[in-house]
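Reviewing the structure listed below.
The values are calculated or read from the model by the stated rules, or taken from the named source; none is laboratory data. Bear in mind the structure is a predicted one, so any value in this text is a computation, not a measurement. Positions of Cβ are generated from backbone atoms using ideal geometry, with glycine treated the same way; all protein chains shown enter the neighbour counts. We work out accessible area using only protein heavy atoms, side chains counted, and drop any ligands, DNA or RNA first. Shrake-Rupley method; radii C 1.70, N 1.55, O 1.52, S 1.80 Å.
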Amino acid sequence: MRQLILVHGWGFGPGVWQPVLTQLGERCPARSVALPGYGPGPRLPEELPEQSVLCAWSLGGLLALEWARQRPDKVAGLVLVGSTPRFVAADDWPHAQPSGLLETFASAVAADPAVALRRFAALVNQGDTQARKVTRQLNALLDDGVPAAETLAEGLRQLAGKDLRAAVPELRLPVLVVHGEQDPLMPLAAGRWLAEHLPTAQLEVVPGAAHAPFLSHCADFCDRLTDF
């Protein structure tokens with residue numbers, strides 16, 4: 001039986017998925033996992049259950065694409081939320097952020113991880129119709145603790161170093177790409193590129209959402225997820 005595994009992104013651990021788990025209830029059993037440094041959990045992707053469907057956000061989506069290539073026996077499907085195959089812009093990749101943004105994040109994390117993440121929470125919700133609500137939700141997660149600076153720095157290194165564009169057309173598994181219309185961090189054009197280059201993908205654009213549509217439009221997101 002396929003299992004729905006929720007994978008968080010940079011800065012915010014598995015608790016970020018709690019509204020989704022609550023909304024899904026029994027209609028679609030799921031569980032969230034912690035990336036290294038964010039809490040106890042399985043070694044990924046080696047210890048994923050077979051036939052997992054990964055619902056992965058942001059940096060988690062980039063990692064999930066890599067895991068699907070490495071362990072096709074483990075990954076039966078993907079839901080990529082606010083994701084991209086490459087975070088840093090290049091001459092042939094305009095759908096991204098300048099490398100200077102990661103350098104700014106790295107400096108802020110080194111100075112004070114908690115302050116850096118609270119600023120990040122506000123940044124990723126710019127343009128969202130529910131920006132204040134979602135920023136409060138993310139800040140509440142930080143009240144319970146902040147990942148270590150080295151964990152955050154490692155995540156930034158992964159964002160800086162990974163480019164999975166060449167691998168994307170080889171991934172022949174069901175994929176749902178969910179992207180906020182107003183995403184200020186991962187441009188919608190990156191989501192459209194994924195949907196166009198993944199052989200069996202479908203794209204769902206969430207109007208009025210920024211980088212975390214599963215929080216700002218949770219009920220709608222869960223409906224799309226269970227339909228998939």
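Computed values, structure above
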item	result
More than 23 Å apart - percent of Cα-Cα pairs taken over region 47-157	41
Mean ellipticity per residue at 222 nm, deg cm²/dmol - from DSSP H runs of n ≥ 4 across the chain, formula -39500 (n - 2.57)	-12500 deg cm²/dmol
Label point distance in nm, ARG31-LEU173, each placed 7 Å from Cα along Cα→Cβ	1.8
Proportion of all alpha-carbon pairs of region 130-228 beyond 15 Å (%)	70
For region 161-208, diffusion coefficient by Stokes-Einstein and Kirkwood Rh (Cα), 25 °C, 0.890 mPa s, µm²/s	218
Dipole moment magnitude, nearest 20 debye, the chain about Cα centre, only Lys, Arg, Asp, Glu C-beta charged	160
Å² per residue, accessible surface of the chain at 1.4 Å	43
Inter-label distance, nm, simple model (7 Å from Cα along the C-beta direction), ASP163/GLN18	4.0
Peptides ranked, highest mean first, by Cβ atoms within 10 Å: ranges 213-219, 93-99	213-219, 93-99
Length added when fully stretched, ARG43-VAL115, from 0.36 nm per residue minus Cα-Cα	23.0 nm
Convex hull volume per residue in cubic angstrom - Cα atoms of the chain	109
Excluding exposed DSSP-loop trypsin sites (Lys or Arg not before Pro) (at most 14 other C-beta within 10 Å), longest clean stretch of the chain	44-171
Separation of alpha-carbon centers, region 63-96 and region 23-57, rounded to whole Å	17
Percent of alpha-carbon pairs separated by more than 17 Å within region 1-65	35
Longest site-free stretch - the chain; sites: GluC sites (Glu not before Pro), DSSP loop, at most 14 other Cβ within 10 Å	51-228
Modelled label reach - ALA189, point 7 Å along Cα→Cβ, region 84-119 residues with backbone N closer than 16 Å	84-99
